[in-house]
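The structure appears right after this line, and notes come after that.
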Amino acid sequence: MFYGLQRVEVGPDDVLITFDCDGEDDVHSIPEILAVSQQAGGKLVLIERGRRQESLVFKVCFAIYKALFRFLTRKSVIPNNFMLIPGAHVPAIRRSPLAAVHLAYGVLKLGFPHEQVTRDRKARYGGRSSQNLFTLVSHGMVGLMVFYEVVVAKLFMLLFVMLAVGGGGTLGGLAPPAPPLAAAPPLPGSCCCS
């Protein structure tokens, strides 16, 4: 998607609406999304996905990811590729290396004024996703990498607190045990026999 963004012609007064082509993003909601942007003075519109047609295990794992993402990044919205981008913002997005890593999170990181809405996912055109748990976790980790400064700092703080609390001052018991005290060798000229 980032590659296509480099090539599409968008003027400063235009809007660009991006979405995945798998059918899960409801293109019938585009008029509503345009209205949200117009009512908000032409702001960026980030669309978070609502109800999903996925397994219970996936829903539970995604709920955990959302909570973790919000805690680590301090962001309230978890955007996806379905969004409305004002044309004036497109040049900055094109220059952003983080948008090339993860478009939606890169756009969020740029900090443009935005509105957020929730839209339910529709069924995929081609049936089930071919992504497995590993690829989904990898995708989520890549998204967190966009916010690396905050995420790494929070993870180090959490690690330090866990180690300090868990080890009673020995950093969680990870410090190597002190070697046993060896008997001091006898001083020269002293008798060690009784």
Flag for residue 190 being farther than 30 Å from residue 45 by Cβ, open to solvent by less than 70 Å² (accessible area, probe 1.4 Å) and at pLDDT below 85: yes
Failed criterion for residue 45 (all others in (1) surrounded by fewer than 12 Cβ atoms within 10 Å (Cβ to Cβ); (2) in contact with a helix residue (DSSP H, G or I) (Cβ under 6 Å, 6 or more places away or on another chain) hold): (1)
Check on residue 40, surrounded by 13 or more Cβ atoms within 10 Å (Cβ to Cβ), touching a residue at least 12 places away in the same chain (Cβ under 8 Å) and within 23 Å of the chain's Cα centre (by Cα): no
Filter result for residue 5 (under 25 Å from residue 125 (Cβ atoms), surrounded by 10 or more Cβ atoms within 10 Å (Cβ to Cβ) and in contact with a Gly (Cβ under 7 Å, 6 or more places away or on another chain)): no
Residue that is most open to solvent (accessible area, probe 1.4 Å) [pool: residues in region 48-60 that are in a loop (DSSP other than H, G, I, E, B) and not hydroxyl-bearing (Ser, Thr, Tyr)]: 51
Test: residue in region 132-141 that is at pLDDT below 95, part of a loop (DSSP other than H, G, I, E, B) and closer than 26 Å to residue 34 by Cα: no
Answer from 133, 144 - the residue that is open to solvent by less than 60 Å² (accessible area, probe 1.4 Å) and out of contact with any strand residue (DSSP E or B) (no Cβ under 9 Å at 6 or more places or on another chain): 144
Top-ranked residue of region 17-26 - restricted to ones that are out of contact with any strand residue (DSSP E or B) (no Cβ under 7 Å at 6 or more places or on another chain) and under 15 Å from residue 117 (Cβ atoms), ranked as least open to solvent (accessible area, probe 1.4 Å): 25
Residues that are of a type in the set (Gly, Ala, Ser) and assigned to a loop (DSSP other than H, G, I, E, B), drawn from region 28-47: 40, 41, 42
Members of region 67-120 found to be part of a helix (DSSP H, G or I), in contact with an Asp or Glu (Cβ under 9 Å, 6 or more places away or on another chain) and open to solvent by 10 Å² or more (accessible area, probe 1.4 Å), listed by number: 88
Checklist (1) farther than 21 Å from residue 44 by Cα; (2) open to solvent by 70 Å² or more (accessible area, probe 1.4 Å) applied to residue 63, failing item: (2)
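The values are calculated or read from the model by the stated rules, or taken from the named source; none is laboratory data. In this text, all values refer to a predicted model and were calculated from it rather than measured experimentally. As a convention, Cβ positions derive from the backbone with ideal geometry for all residues, glycine included, and neighbour counts pool all protein chains shown. Side chains are part of the model used for accessible areas, which takes the heavy atoms of the whole protein and leaves out ligands, DNA and RNA. Shrake-Rupley method; radii C 1.70, N 1.55, O 1.52, S 1.80 Å.
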